[in-house]
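**Q** Once you've had a glance at the structure underneath, I'll fire off some questions.
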Amino acid sequence: MLATRSLRFRMMALFCLVVGVLLGASYLTFYLLSKREIHAQLDRQLVESSSPVVADLVQDPDMADVSELNVPDEYFEVFNASGGIEARSRNLGEQPLALSVDAAHTTGTAFENVKDHERGRLRVIFVPFRTRTGQYVLALAMPTRDARRALATFRSMIFVLYPLSLLLVAAVSAWYVGRSLRPVAELTRQAEQMAGRAVGGNPGEPWRPLEVANPHDELGVLARTFNRLLGGMDAALRQLRQFVSDASHELRTPLAVLRGETELVLTEQREPEEYRRALRAIDDELRKLSRIVESLFTLSMADAGQLRLAKEPLYLDEVLQESCQLIAPLARAKSITIERMLKEGVAYLGDESFLRQLFLIFLDNAIKYSTPKTSIHVRLETADGHARVDFQDEGMGIAEKDLPHIFERFYRAAPPSSGEPQSGGLGLAIAQAIVRAEGGSINCQTEVGKGSTFTISLPVQGAEAAQTSHSVLVREA
(Lines give C-alpha, C1' and ligand atoms only; values in the text may rest on other atoms or scores of the structure.)
Protein backbone atom coordinates (compact mmCIF):
# COMPACT_ATOMS: atom_id res chain seq x y z
CA MET A 1 0.00 0.00 0.00
CA LEU A 2 2.89 2.36 0.76
CA ALA A 3 4.26 1.72 -2.71
CA THR A 4 0.86 2.57 -4.22
CA ARG A 5 0.67 5.81 -2.22
CA SER A 6 4.19 6.71 -3.30
CA LEU A 7 3.29 6.01 -6.92
CA ARG A 8 0.13 8.08 -6.56
CA PHE A 9 2.11 11.00 -5.10
CA ARG A 10 4.71 10.83 -7.88
CA MET A 11 2.05 10.71 -10.56
CA MET A 12 0.22 13.65 -8.99
CA ALA A 13 3.44 15.65 -8.69
CA LEU A 14 4.39 14.91 -12.28
CA PHE A 15 0.91 15.73 -13.53
CA CYS A 16 0.80 19.00 -11.58
CA LEU A 17 4.31 19.92 -12.75
CA VAL A 18 3.49 19.34 -16.41
CA VAL A 19 0.13 21.11 -16.23
CA GLY A 20 1.68 23.92 -14.16
CA VAL A 21 4.37 24.51 -16.78
CA LEU A 22 1.77 24.45 -19.54
CA LEU A 23 -0.49 26.84 -17.64
CA GLY A 24 2.43 29.16 -16.87
CA ALA A 25 3.51 29.16 -20.51
CA SER A 26 -0.09 29.77 -21.60
CA TYR A 27 -0.57 32.68 -19.19
CA LEU A 28 2.78 34.20 -20.17
CA THR A 29 2.04 33.86 -23.88
CA PHE A 30 -1.41 35.36 -23.44
CA TYR A 31 0.04 38.22 -21.41
CA LEU A 32 2.72 38.98 -24.02
CA LEU A 33 0.17 38.87 -26.83
CA SER A 34 -2.16 41.14 -24.87
CA LYS A 35 0.68 43.55 -24.15
CA ARG A 36 1.62 43.64 -27.81
CA GLU A 37 -1.99 44.21 -28.85
CA ILE A 38 -2.47 47.02 -26.30
CA HIS A 39 0.67 48.77 -27.53
CA ALA A 40 -0.40 48.26 -31.15
CA GLN A 41 -3.81 49.72 -30.34
CA LEU A 42 -2.15 52.78 -28.76
CA ASP A 43 0.04 53.21 -31.86
CA ARG A 44 -3.04 53.05 -34.10
CA GLN A 45 -4.69 55.69 -31.93
CA LEU A 46 -1.61 57.92 -32.33
CA VAL A 47 -1.69 57.46 -36.11
CA GLU A 48 -5.43 58.21 -36.25
CA SER A 49 -5.03 61.36 -34.09
CA SER A 50 -2.00 62.70 -35.97
CA SER A 51 -3.26 62.10 -39.50
CA PRO A 52 -5.90 64.91 -39.65
CA VAL A 53 -3.47 67.41 -38.07
CA VAL A 54 -0.77 66.61 -40.63
CA ALA A 55 -3.27 66.81 -43.48
CA ASP A 56 -4.48 70.21 -42.29
CA LEU A 57 -0.92 71.57 -41.99
CA VAL A 58 -0.01 70.36 -45.46
CA GLN A 59 -2.95 72.24 -46.95
CA ASP A 60 -2.63 75.32 -44.72
CA PRO A 61 0.81 75.58 -43.05
CA ASP A 62 -0.44 77.88 -40.30
CA MET A 63 1.34 76.77 -37.12
CA ALA A 64 -1.06 78.85 -35.04
CA ASP A 65 -3.65 76.12 -35.51
CA VAL A 66 -1.42 73.72 -33.57
CA SER A 67 -1.01 76.24 -30.75
CA GLU A 68 -4.80 76.31 -30.36
CA LEU A 69 -5.08 72.52 -29.85
CA ASN A 70 -6.04 71.54 -26.32
CA VAL A 71 -7.17 67.91 -26.53
CA PRO A 72 -6.94 66.04 -23.19
CA ASP A 73 -4.02 63.57 -23.06
CA GLU A 74 -2.84 64.57 -26.56
CA TYR A 75 0.28 66.69 -26.77
CA PHE A 76 1.45 68.19 -30.11
CA GLU A 77 4.75 69.73 -31.16
CA VAL A 78 5.93 70.77 -34.62
CA PHE A 79 9.65 70.84 -35.42
CA ASN A 80 11.34 72.54 -38.37
CA ALA A 81 14.18 71.12 -40.42
CA SER A 82 16.83 72.43 -38.02
CA GLY A 83 15.15 70.86 -34.98
CA GLY A 84 13.60 74.01 -33.59
CA ILE A 85 10.07 74.02 -32.21
CA GLU A 86 7.70 75.83 -34.56
CA ALA A 87 4.57 75.29 -32.45
CA ARG A 88 3.20 73.30 -29.53
CA SER A 89 -0.33 72.60 -28.27
CA ARG A 90 -1.83 74.75 -25.58
CA ASN A 91 -1.91 71.92 -22.97
CA LEU A 92 1.89 71.71 -23.07
CA GLY A 93 2.26 75.22 -21.75
CA GLU A 94 5.89 76.25 -21.49
CA GLN A 95 7.14 72.70 -20.81
CA PRO A 96 8.19 70.96 -24.04
CA LEU A 97 8.15 67.20 -24.44
CA ALA A 98 11.24 65.42 -23.09
CA LEU A 99 12.23 63.72 -26.33
CA SER A 100 15.38 61.68 -26.86
CA VAL A 101 15.01 61.39 -30.65
CA ASP A 102 16.29 64.19 -32.94
CA ALA A 103 13.03 65.06 -34.62
CA ALA A 104 14.77 67.02 -37.39
CA HIS A 105 16.43 63.88 -38.76
CA THR A 106 13.30 61.67 -38.77
CA THR A 107 12.74 60.46 -42.33
CA GLY A 108 9.69 58.26 -41.72
CA THR A 109 6.98 57.62 -39.17
CA ALA A 110 8.61 56.54 -35.89
CA PHE A 111 7.51 55.76 -32.33
CA GLU A 112 9.23 56.36 -28.99
CA ASN A 113 8.53 55.77 -25.32
CA VAL A 114 9.55 58.69 -23.11
CA LYS A 115 9.34 59.51 -19.45
CA ASP A 116 8.19 63.03 -18.84
CA HIS A 117 8.59 64.49 -15.34
CA GLU A 118 5.38 66.50 -15.63
CA ARG A 119 3.19 64.12 -17.59
CA GLY A 120 4.58 60.65 -16.75
CA ARG A 121 5.23 57.92 -19.30
CA LEU A 122 4.29 58.86 -22.84
CA ARG A 123 4.10 57.15 -26.21
CA VAL A 124 5.23 59.52 -29.00
CA ILE A 125 4.75 59.31 -32.77
CA PHE A 126 6.92 61.31 -35.20
CA VAL A 127 5.31 62.08 -38.57
CA PRO A 128 7.47 63.99 -41.12
CA PHE A 129 5.58 66.13 -43.68
CA ARG A 130 6.39 68.81 -46.26
CA THR A 131 4.58 72.06 -46.95
CA ARG A 132 5.25 74.85 -49.42
CA THR A 133 7.25 76.57 -46.71
CA GLY A 134 9.59 73.68 -45.88
CA GLN A 135 10.12 70.31 -44.16
CA TYR A 136 8.53 69.69 -40.76
CA VAL A 137 7.96 66.89 -38.22
CA LEU A 138 4.82 66.54 -36.10
CA ALA A 139 5.31 64.89 -32.67
CA LEU A 140 2.17 63.61 -30.92
CA ALA A 141 2.44 62.17 -27.39
CA MET A 142 -0.19 60.26 -25.43
CA PRO A 143 0.05 58.90 -21.85
CA THR A 144 0.49 55.12 -21.50
CA ARG A 145 -1.15 54.93 -18.08
CA ASP A 146 -4.35 53.27 -19.39
CA ALA A 147 -2.32 50.62 -21.18
CA ARG A 148 -0.12 50.09 -18.15
CA ARG A 149 -3.16 49.97 -15.91
CA ALA A 150 -4.77 47.31 -18.12
CA LEU A 151 -1.56 45.24 -18.14
CA ALA A 152 -1.22 45.60 -14.36
CA THR A 153 -4.80 44.40 -13.91
CA PHE A 154 -4.09 41.46 -16.16
CA ARG A 155 -0.93 40.61 -14.22
CA SER A 156 -2.89 40.72 -10.96
CA MET A 157 -5.47 38.38 -12.44
CA ILE A 158 -2.71 35.98 -13.51
CA PHE A 159 -1.14 36.03 -10.05
CA VAL A 160 -4.52 35.08 -8.59
CA LEU A 161 -5.68 32.64 -11.26
CA TYR A 162 -2.41 30.74 -11.61
CA PRO A 163 -2.29 29.43 -7.98
CA LEU A 164 -6.03 28.73 -8.09
CA SER A 165 -5.53 26.83 -11.35
CA LEU A 166 -2.73 24.80 -9.78
CA LEU A 167 -4.92 23.97 -6.78
CA LEU A 168 -7.76 22.93 -9.08
CA VAL A 169 -5.35 20.83 -11.15
CA ALA A 170 -4.00 19.21 -7.97
CA ALA A 171 -7.52 18.36 -6.81
CA VAL A 172 -8.53 16.97 -10.20
CA SER A 173 -5.28 15.02 -10.53
CA ALA A 174 -5.68 13.59 -7.01
CA TRP A 175 -9.19 12.40 -7.88
CA TYR A 176 -8.25 11.09 -11.32
CA VAL A 177 -5.00 9.44 -10.27
CA GLY A 178 -6.69 7.87 -7.25
CA ARG A 179 -9.49 6.58 -9.47
CA SER A 180 -7.04 5.33 -12.09
CA LEU A 181 -4.77 3.61 -9.57
CA ARG A 182 -7.61 2.02 -7.62
CA PRO A 183 -7.30 -1.20 -9.67
CA VAL A 184 -3.53 -1.14 -9.07
CA ALA A 185 -4.08 -0.74 -5.32
CA GLU A 186 -6.61 -3.57 -5.33
CA LEU A 187 -4.22 -5.61 -7.44
CA THR A 188 -1.44 -4.99 -4.90
CA ARG A 189 -3.73 -6.04 -2.07
CA GLN A 190 -4.76 -9.20 -3.91
CA ALA A 191 -1.13 -10.01 -4.75
CA GLU A 192 -0.08 -9.53 -1.10
CA GLN A 193 -2.96 -11.73 0.01
CA MET A 194 -2.01 -14.39 -2.54
CA ALA A 195 1.64 -14.19 -1.45
CA GLY A 196 0.57 -14.62 2.16
CA ARG A 197 -1.49 -17.66 1.26
CA ALA A 198 1.35 -19.15 -0.77
CA VAL A 199 4.20 -18.44 1.67
CA GLY A 200 2.52 -18.29 5.04
CA GLY A 201 -0.03 -21.02 4.45
CA ASN A 202 -2.83 -18.74 5.66
CA PRO A 203 -5.89 -19.05 3.41
CA GLY A 204 -7.11 -15.57 4.38
CA GLU A 205 -10.08 -14.06 2.60
CA PRO A 206 -11.44 -15.81 -0.48
CA TRP A 207 -10.04 -14.42 -3.69
CA ARG A 208 -12.29 -12.06 -5.62
CA PRO A 209 -11.70 -10.92 -9.21
CA LEU A 210 -10.67 -7.30 -9.73
CA GLU A 211 -13.36 -4.96 -10.98
CA VAL A 212 -12.75 -3.93 -14.59
CA ALA A 213 -14.28 -0.50 -15.24
CA ASN A 214 -13.10 -0.22 -18.84
CA PRO A 215 -11.92 -3.52 -20.32
CA HIS A 216 -10.40 -1.78 -23.36
CA ASP A 217 -7.88 0.60 -21.73
CA GLU A 218 -4.45 -0.34 -20.41
CA LEU A 219 -5.55 -0.76 -16.79
CA GLY A 220 -8.55 -2.81 -17.89
CA VAL A 221 -6.34 -5.16 -19.88
CA LEU A 222 -3.92 -5.35 -16.94
CA ALA A 223 -6.76 -6.11 -14.51
CA ARG A 224 -8.18 -8.83 -16.76
CA THR A 225 -4.71 -10.36 -17.18
CA PHE A 226 -4.11 -10.39 -13.44
CA ASN A 227 -7.60 -11.80 -12.87
CA ARG A 228 -6.63 -14.77 -15.00
CA LEU A 229 -3.23 -15.02 -13.30
CA LEU A 230 -4.52 -14.71 -9.73
CA GLY A 231 -7.46 -16.97 -10.50
CA GLY A 232 -5.09 -19.64 -11.77
CA MET A 233 -2.81 -19.18 -8.77
CA ASP A 234 -5.74 -19.40 -6.37
CA ALA A 235 -7.00 -22.56 -8.02
CA ALA A 236 -3.48 -24.01 -8.02
CA LEU A 237 -3.02 -23.20 -4.33
CA ARG A 238 -6.35 -24.73 -3.38
CA GLN A 239 -5.60 -27.77 -5.51
CA LEU A 240 -2.13 -28.08 -3.97
CA ARG A 241 -3.48 -27.91 -0.42
CA GLN A 242 -6.17 -30.41 -1.26
CA PHE A 243 -3.58 -32.58 -2.98
CA VAL A 244 -1.28 -32.57 0.05
CA SER A 245 -4.20 -33.27 2.36
CA ASP A 246 -5.53 -36.13 0.24
CA ALA A 247 -2.08 -37.55 -0.47
CA SER A 248 -1.25 -37.62 3.23
CA HIS A 249 -4.61 -39.28 3.90
CA GLU A 250 -4.01 -41.90 1.20
CA LEU A 251 -0.50 -42.65 2.49
CA ARG A 252 -1.55 -42.67 6.13
CA THR A 253 -3.82 -45.69 5.80
CA PRO A 254 -1.27 -48.10 4.26
CA LEU A 255 1.42 -46.86 6.63
CA ALA A 256 -0.87 -47.40 9.61
CA VAL A 257 -1.61 -50.96 8.43
CA LEU A 258 2.10 -51.62 7.92
CA ARG A 259 2.92 -50.31 11.35
CA GLY A 260 0.11 -52.29 12.97
CA GLU A 261 1.06 -55.54 11.28
CA THR A 262 4.73 -55.03 12.10
CA GLU A 263 4.03 -54.29 15.77
CA LEU A 264 1.71 -57.28 15.94
CA VAL A 265 4.42 -59.61 14.58
CA LEU A 266 7.12 -58.21 16.84
CA THR A 267 5.19 -58.24 20.12
CA GLU A 268 5.50 -62.02 20.67
CA GLN A 269 6.37 -65.30 19.03
CA ARG A 270 3.84 -66.30 16.33
CA GLU A 271 2.92 -69.35 14.33
CA PRO A 272 4.31 -69.58 10.77
CA GLU A 273 0.83 -69.14 9.34
CA GLU A 274 0.36 -65.89 11.28
CA TYR A 275 3.70 -64.64 9.94
CA ARG A 276 2.61 -65.49 6.41
CA ARG A 277 -0.71 -63.68 6.89
CA ALA A 278 1.05 -60.60 8.25
CA LEU A 279 3.57 -60.64 5.39
CA ARG A 280 0.75 -60.90 2.85
CA ALA A 281 -0.96 -57.90 4.44
CA ILE A 282 2.32 -55.98 4.45
CA ASP A 283 2.88 -56.91 0.80
CA ASP A 284 -0.61 -55.71 -0.15
CA GLU A 285 -0.08 -52.36 1.57
CA LEU A 286 3.37 -51.99 0.02
CA ARG A 287 1.80 -52.55 -3.38
CA LYS A 288 -0.77 -49.85 -2.63
CA LEU A 289 2.00 -47.46 -1.59
CA SER A 290 3.95 -48.30 -4.75
CA ARG A 291 0.92 -47.60 -6.92
CA ILE A 292 0.29 -44.27 -5.22
CA VAL A 293 3.94 -43.22 -5.49
CA GLU A 294 4.14 -44.33 -9.14
CA SER A 295 0.92 -42.46 -9.91
CA LEU A 296 2.19 -39.30 -8.25
CA PHE A 297 5.47 -39.63 -10.13
CA THR A 298 3.60 -40.02 -13.44
CA LEU A 299 1.51 -36.93 -12.73
CA SER A 300 4.55 -34.90 -11.67
CA MET A 301 6.30 -35.83 -14.91
CA ALA A 302 3.18 -34.82 -16.86
CA ASP A 303 2.99 -31.49 -15.00
CA ALA A 304 6.62 -30.79 -15.87
CA GLY A 305 6.01 -31.70 -19.51
CA GLN A 306 8.49 -34.56 -19.23
CA LEU A 307 6.13 -37.50 -19.63
CA ARG A 308 7.92 -39.35 -22.40
CA LEU A 309 5.83 -41.92 -24.28
CA ALA A 310 7.35 -44.43 -26.65
CA LYS A 311 6.22 -44.40 -30.26
CA GLU A 312 6.07 -48.05 -31.23
CA PRO A 313 3.79 -49.73 -33.77
CA LEU A 314 0.93 -51.68 -32.21
CA TYR A 315 -2.73 -52.57 -32.67
CA LEU A 316 -5.16 -50.81 -30.37
CA ASP A 317 -7.67 -53.65 -30.55
CA GLU A 318 -5.04 -56.11 -29.25
CA VAL A 319 -4.07 -53.84 -26.33
CA LEU A 320 -7.76 -53.34 -25.53
CA GLN A 321 -8.45 -57.10 -25.70
CA GLU A 322 -5.57 -57.79 -23.34
CA SER A 323 -6.78 -55.12 -20.91
CA CYS A 324 -10.27 -56.63 -20.87
CA GLN A 325 -8.79 -60.07 -20.16
CA LEU A 326 -6.70 -58.69 -17.30
CA ILE A 327 -9.71 -57.03 -15.67
CA ALA A 328 -12.06 -59.99 -16.27
CA PRO A 329 -11.56 -61.58 -12.81
CA LEU A 330 -12.75 -58.38 -11.12
CA ALA A 331 -15.80 -58.30 -13.39
CA ARG A 332 -16.65 -61.94 -12.69
CA ALA A 333 -16.43 -61.26 -8.96
CA LYS A 334 -19.40 -58.85 -9.34
CA SER A 335 -21.17 -60.90 -12.05
CA ILE A 336 -20.54 -58.09 -14.52
CA THR A 337 -20.38 -58.88 -18.25
CA ILE A 338 -17.87 -57.07 -20.49
CA GLU A 339 -19.20 -56.78 -24.02
CA ARG A 340 -16.58 -55.84 -26.59
CA MET A 341 -17.24 -54.57 -30.09
CA LEU A 342 -13.77 -53.86 -31.43
CA LYS A 343 -12.68 -52.98 -34.90
CA GLU A 344 -9.79 -55.29 -35.71
CA GLY A 345 -6.40 -54.28 -37.03
CA VAL A 346 -6.46 -50.66 -35.81
CA ALA A 347 -2.79 -49.74 -36.27
CA TYR A 348 -1.36 -47.11 -33.93
CA LEU A 349 1.99 -45.58 -32.93
CA GLY A 350 2.13 -45.23 -29.15
CA ASP A 351 3.32 -46.52 -25.80
CA GLU A 352 1.78 -49.94 -25.16
CA SER A 353 2.29 -49.94 -21.38
CA PHE A 354 0.73 -46.51 -20.91
CA LEU A 355 -2.16 -47.37 -23.23
CA ARG A 356 -2.81 -50.57 -21.25
CA GLN A 357 -2.76 -48.54 -18.04
CA LEU A 358 -5.16 -46.05 -19.64
CA PHE A 359 -7.67 -48.74 -20.63
CA LEU A 360 -7.41 -50.51 -17.27
CA ILE A 361 -8.22 -47.27 -15.45
CA PHE A 362 -11.54 -46.89 -17.25
CA LEU A 363 -12.38 -50.59 -17.01
CA ASP A 364 -11.56 -50.60 -13.29
CA ASN A 365 -13.73 -47.52 -12.67
CA ALA A 366 -16.59 -49.02 -14.70
CA ILE A 367 -16.52 -52.21 -12.63
CA LYS A 368 -16.07 -50.36 -9.35
CA TYR A 369 -19.05 -48.03 -9.81
CA SER A 370 -21.39 -50.55 -11.51
CA THR A 371 -23.97 -52.59 -9.69
CA PRO A 372 -23.68 -56.39 -9.85
CA LYS A 373 -25.18 -58.32 -12.75
CA THR A 374 -24.88 -55.43 -15.21
CA SER A 375 -22.92 -55.01 -18.41
CA ILE A 376 -19.96 -52.90 -19.50
CA HIS A 377 -19.76 -52.08 -23.21
CA VAL A 378 -16.35 -51.48 -24.79
CA ARG A 379 -16.23 -50.23 -28.38
CA LEU A 380 -13.38 -49.40 -30.74
CA GLU A 381 -13.89 -47.74 -34.11
CA THR A 382 -12.06 -45.30 -36.40
CA ALA A 383 -13.28 -42.17 -38.18
CA ASP A 384 -11.70 -39.00 -39.58
CA GLY A 385 -8.16 -40.08 -38.72
CA HIS A 386 -8.97 -40.82 -35.08
CA ALA A 387 -9.50 -44.00 -33.10
CA ARG A 388 -12.47 -43.81 -30.76
CA VAL A 389 -12.71 -46.01 -27.65
CA ASP A 390 -15.96 -46.03 -25.63
CA PHE A 391 -16.37 -47.42 -22.10
CA GLN A 392 -20.06 -47.55 -21.19
CA ASP A 393 -21.26 -48.79 -17.82
CA GLU A 394 -24.67 -49.18 -16.17
CA GLY A 395 -23.65 -47.78 -12.83
CA MET A 396 -24.71 -44.90 -10.64
CA GLY A 397 -23.66 -42.11 -13.02
CA ILE A 398 -22.01 -38.84 -12.07
CA ALA A 399 -23.80 -35.83 -10.63
CA GLU A 400 -23.69 -32.65 -12.70
CA LYS A 401 -21.89 -30.76 -9.93
CA ASP A 402 -19.14 -33.40 -9.85
CA LEU A 403 -18.63 -33.66 -13.61
CA PRO A 404 -16.24 -30.67 -13.99
CA HIS A 405 -13.98 -32.08 -11.23
CA ILE A 406 -13.70 -35.77 -12.08
CA PHE A 407 -10.23 -35.34 -13.60
CA GLU A 408 -8.87 -33.55 -10.53
CA ARG A 409 -6.45 -35.45 -8.36
CA PHE A 410 -7.92 -37.28 -5.36
CA TYR A 411 -11.41 -36.11 -6.30
CA ARG A 412 -14.11 -38.73 -5.74
CA ALA A 413 -17.57 -38.29 -7.17
CA ALA A 414 -19.03 -41.22 -5.23
CA PRO A 415 -20.16 -40.21 -1.71
CA PRO A 416 -18.73 -42.19 1.22
CA SER A 417 -22.22 -43.55 1.96
CA SER A 418 -22.64 -45.08 -1.48
CA GLY A 419 -21.13 -48.34 -0.37
CA GLU A 420 -18.70 -48.34 -3.29
CA PRO A 421 -15.01 -48.94 -2.63
CA GLN A 422 -12.99 -45.79 -2.56
CA SER A 423 -10.00 -45.55 -4.92
CA GLY A 424 -6.99 -43.34 -4.57
CA GLY A 425 -8.59 -40.69 -6.74
CA LEU A 426 -5.66 -40.49 -9.17
CA GLY A 427 -6.88 -42.77 -11.97
CA LEU A 428 -8.73 -40.25 -14.15
CA ALA A 429 -6.02 -37.63 -13.60
CA ILE A 430 -3.43 -40.12 -14.88
CA ALA A 431 -5.72 -41.11 -17.75
CA GLN A 432 -6.07 -37.48 -18.80
CA ALA A 433 -2.28 -36.98 -18.64
CA ILE A 434 -1.67 -40.05 -20.84
CA VAL A 435 -4.31 -39.06 -23.40
CA ARG A 436 -2.94 -35.53 -23.63
CA ALA A 437 0.58 -36.88 -24.07
CA GLU A 438 -0.75 -39.04 -26.91
CA GLY A 439 -2.37 -35.95 -28.47
CA GLY A 440 -5.93 -37.12 -27.82
CA SER A 441 -8.95 -36.10 -25.77
CA ILE A 442 -11.47 -37.55 -23.29
CA ASN A 443 -15.20 -36.90 -23.22
CA CYS A 444 -17.76 -38.00 -20.65
CA GLN A 445 -21.51 -38.46 -21.08
CA THR A 446 -23.38 -39.40 -17.93
CA GLU A 447 -26.85 -39.70 -16.45
CA VAL A 448 -27.42 -40.20 -12.74
CA GLY A 449 -28.87 -43.63 -12.03
CA LYS A 450 -28.25 -44.95 -15.56
CA GLY A 451 -24.49 -44.92 -16.00
CA SER A 452 -21.65 -43.12 -17.75
CA THR A 453 -19.84 -43.33 -21.07
CA PHE A 454 -16.22 -42.26 -21.33
CA THR A 455 -14.96 -41.69 -24.87
CA ILE A 456 -11.25 -41.59 -25.71
CA SER A 457 -10.21 -40.09 -29.06
CA LEU A 458 -6.66 -40.81 -30.27
CA PRO A 459 -5.10 -39.62 -33.55
CA VAL A 460 -4.00 -42.47 -35.82
CA GLN A 461 -2.28 -40.47 -38.59
CA GLY A 462 0.96 -42.12 -39.64
CA ALA A 463 -0.17 -45.58 -38.61
CA GLU A 464 -1.08 -47.99 -41.39
CA ALA A 465 -4.37 -49.74 -40.94
CA ALA A 466 -4.60 -53.46 -41.30
CA GLN A 467 -5.96 -54.72 -44.59
CA THR A 468 -8.76 -56.67 -43.03
CA SER A 469 -10.82 -54.86 -40.44
CA HIS A 470 -14.28 -55.75 -39.29
CA SER A 471 -16.28 -55.63 -36.10
CA VAL A 472 -16.64 -58.66 -33.86
CA LEU A 473 -18.81 -59.06 -30.75
CA VAL A 474 -17.19 -60.88 -27.84
CA ARG A 475 -18.87 -61.64 -24.51
CA GLU A 476 -16.73 -62.10 -21.44
CA ALA A 477 -18.69 -63.49 -18.52
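The values are calculated or read from the model by the stated rules, or taken from the named source; none is laboratory data. Note that this is a predicted model, so its numbers are computed, not measured. Ideal geometry is used to build each Cβ from the backbone, glycine not excepted, and the neighbour counts take in all protein chains shown. Areas reflect the complete protein model, heavy atoms only, side chains present, ligands, DNA and RNA absent. Shrake-Rupley method; radii C 1.70, N 1.55, O 1.52, S 1.80 Å.
**Q** Could you name the aspartates and glutamates whose alpha carbon sits less than 19 Å from that of residue 115, not counting residues in the same chain fewer than 8 places away?
**A** Straight-line reach from residue 115, under 19 Å: 43, 73, 74, 77, 94, 102, 146.
**Q** Can you figure out the FRET efficiency of residue 37 with residue 115, using R₀ = 25 Å and their beta-carbon distance, to the nearest 0.05?
**A** Calculated value: 0.65.
**Q** Moving to a separate point now. Nothing charged except the Cβ atoms of Lys and Arg (+1) and of Asp and Glu (-1): what's the magnitude of the dipole of the stretch 127-181 about its Cα centre? Round to the nearest 20 debye.
**A** Approximately 280 debye in magnitude.
**Q** Here is a further query. Quick one: length gained pulling residue 328 to residue 274 fully straight, 0.36 nm per residue minus the C-alpha distance?
**A** Length gained, residue 328 through residue 274: 16.4 nm.
**Q** Using 0.36 nm per residue, how much length does the chain from residue 26 to residue 65 gain when fully extended, once their Cα-Cα distance is taken away?
**A** Additional length available on full extension: 9.2 nm.
**Q** Still on this structure, please answer the following. Run the quick spin-label model on residue 105 and residue 56: label points 7 Å from Cα toward the beta carbon, then report their separation in nm to one decimal.
**A** Distance between label points: 3.2 nm.
**Q** Take the Cβ-Cβ distance between residue 166 and residue 186 as r, set R0 to 41 Å, and report the resulting FRET efficiency rounded to the nearest 0.05.
**A** 0.85
**Q** Using a probe of 1.4 angstrom, how much of the accessible area of the stretch 75-164 is carbon and sulfur, in percent?
**A** Carbon and sulfur atoms account for 52 percent of the accessible area of the stretch 75-164.
**Q** Now for a different question. Which order do peptides 443-452, 368-377 fall in by mean Cβ count within 10 Å, highest first?
**A** 368-377, 443-452
**Q** OK, next. Heavy-atom accessible area per residue, the stretch 55-133, 1.4 Å probe: how many Å²?
**A** Ligands and nucleic acids excluded, the figure is 57 Å² per residue.
**Q** When the accessible area of the stretch 327-367 is computed with all protein chains present and a 1.4 Å probe, what percentage of it is carbon and sulfur?
**A** Answer for the stretch 327-367 is 57 percent, counting heavy atoms of protein chains only.
**Q** Got a sec? Charge dipole of the stretch 1-87, +1 on Cβ for Lys and Arg, -1 for Asp and Glu; which of 38, 69, 50 is way out at the positive end?
**A** 38
**Q** Estimate the FRET efficiency between residue 175 and residue 155 by the formula 1/(1 + (r/R0)^6), using the beta-carbon distance for r and 35 Å for R0, to the nearest 0.05.
**A** E between residue 175 and residue 155, to the nearest 0.05, is 0.70.
**Q** Once fully extended, how much extra length lies between residue 44 and residue 73, figured as 0.36 nm per residue of separation less the alpha-carbon to alpha-carbon distance?
**A** Gain in length upon complete extension: 8.9 nm.
**Q** Need the C-alpha centroid separation for the stretch 18-92 versus the stretch 320-358, integer Å.
**A** About 113 Å separates the Cα centre of the stretch 18-92 from the one of the stretch 320-358.
**Q** Let me ask you something else. Which entries of 311/373; 401/450; 288/368 show an alpha-carbon separation above 28 angstrom in the structure shown?
**A** Pairs exceeding 28 Å: 311/373.
**Q** Go ahead and collect, in residue order, the members of the stretch 346-387 whose backbone nitrogen is under 14 Å from a label point 7 Å along the Cα-Cβ direction of residue 310.
**A** 349-357
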